[in-house]
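Heads up, the thing below is written out as structure tokens.
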Amino acid sequence: MPKIAVETRELTKKFGDFTAVDHITMSIEEGKVYGFLGPNGSGKSTTIRMLCGLLAPTSGVGLVLGMDLSKEGRKIKNQVGYMSQKFSLYPDMTVIENLDLYSGLYGLKGAEKKERIEQMIALAGLQGREDEQTSLLSGGWRQRLALGCAILHRPKILFLDEPTSGVDPKARRLFWDIIYNLAADGTTVMVTTHFMDEAEHCDKVAFIYFGGLIADDTPVDLKKLIPGKLYEVESENGFELLASIQRGEAGTVMDSYFFGKKLHLLVAKNISIEDEKIFKGSVVKEITPSMEDVFAYLVKKESGKELDGGRISGTGEIRLNVDVSTAKEG
Ligand SMILES: Nc1ncnc2c1ncn2[C@@H]1O[C@H](COP(=O)(O)OP(=O)(O)OP(=O)(O)O)[C@@H](O)[C@H]1O
Ligand SMILES: [Mg+2]
């Protein structure tokens, strides 16, 4: 049996009457990378803060490395690595001063402290820049330094809250290389992200919506949730075509939406639409769903909306127009 690093049952956090995290049950195996996705305000940071021992749950059970969230928060806090959504570095201090401060907080001393600081400078690629002021580093360097500060004490589990937002693609790739190396060495990683390409590379992905977990599986199995075949249509007049499809002129289409500049159509498995007259002059091909398609499908299913007309940004980022907090409060 694989060892379980994180386990929750019905984990819930309320702020007054508002339920930010709603009866979440999940588990993460040791050494896996677990992606946590959801629109703004859906409860990702609140969940992570509970799992780091920073915020007490209102109800439910949570175990992190076998420690109980409601009783051993302080112990958990000292044993996990946490990179908060706003990188928790001191901007007026230098690179080395930040590392020095964090190693002090984690109780590192002497030779071990010196060794770990050197390793983290190498990990961040900041050799020779130890005395630079942190606020003057560009996003990617700051991000890797923040990661270095979060893992100085060799935590067995690492919680990363949107570590790659506002960082360029090259820095994102470098960052993910580090994450994979940590996981390969046995570190469990839970990471929230808005980037769908990052989600594809997680061992498991959970979707959170209005505080509740609506799916939690491997990327391959999540894609199997889509009930049918997905087609991509490239057309010069996408808007007109979409309107015609939604009037039923392409036969039975369960869902149709813009995906960037192209259209995505969901049809039942036994139906083929390639030869429909309406697509004359367009390029139609069956495709494997992306995580964005899965997410769009799950959200529509969950919110009980008709499957039609949704618009996806197609930039690889979730930007669904759902303001969870006001929708729920108001
Ligand atoms: N301390 C708090 N007091 C009251 N409400 C809070 C508190 N912290 C979070 N919330 C609310 O709980 C909900 C979930 O917030 P949370 O920060 O967990 O969302 P998120 O999924 O991390 O969003 P984002 O993608 O914007 O980071 C939001 O509506 C937020 O306003
Ligand atoms: Mg957040």
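The values are calculated or read from the model by the stated rules, or taken from the named source; none is laboratory data. Because the structure is predicted, anything quoted here is derived from the model rather than measured. Glycine also receives a Cβ, built like all others from the backbone with ideal geometry; neighbour counts cover every protein chain displayed.
Some notes on this structure:
- Residue within the range 165-182 that is among the hydroxyl-bearing types (S, T, Y), touching a strand residue (DSSP E or B) at 6+ places or on another chain (Cβ under 6 Å) and assigned by TED's automatic domain parsing to the domain that holds G43 present: no
- Restricting attention to the range 214-272, the residues that are farther than 14 Å from E286 by Cα and of a type in the set (V, I, T) total 5.
- M196 vs. criteria within 16 Å of ligand 1 (Cβ to nearest atom), over 30 Å from L105 (Cα atoms) and either in the same structural domain as T47 (by TED's automatic domain parsing) or out of contact with any strand residue (DSSP E or B) (no Cβ under 6 Å at 6 or more places or on another chain) (or both): yes
- Conditions (1) more than 16 Å from ligand 1 (Cβ to nearest atom); (2) closer than 17 Å to K86 by Cα; (3) of a type outside the set (S, T, Y); number of the one not met by E162: (1)
- Number of the exception - I214 against (1) within 16 Å of ligand 1 (Cβ to nearest atom); (2) in a loop (DSSP other than H, G, I, E, B): (2)
- Matching helices (runs of 4 or more DSSP H) fully within the range 1-116 where at least 2 residues are within 16 Å of ligand 2 (Cβ to nearest atom): 44-51
- Residue match in the range 97-115 (condition: at pLDDT 95 or above, crowded, with 19+ Cβ neighbours inside 10 Å and on the phi > 0 side of the Ramachandran plot): no
- Qualifying residue in the range 156-164 (condition: among the β-branched types (V, I, T), at pLDDT 95 or above and within 25 Å of L54 (Cα to Cα)): yes
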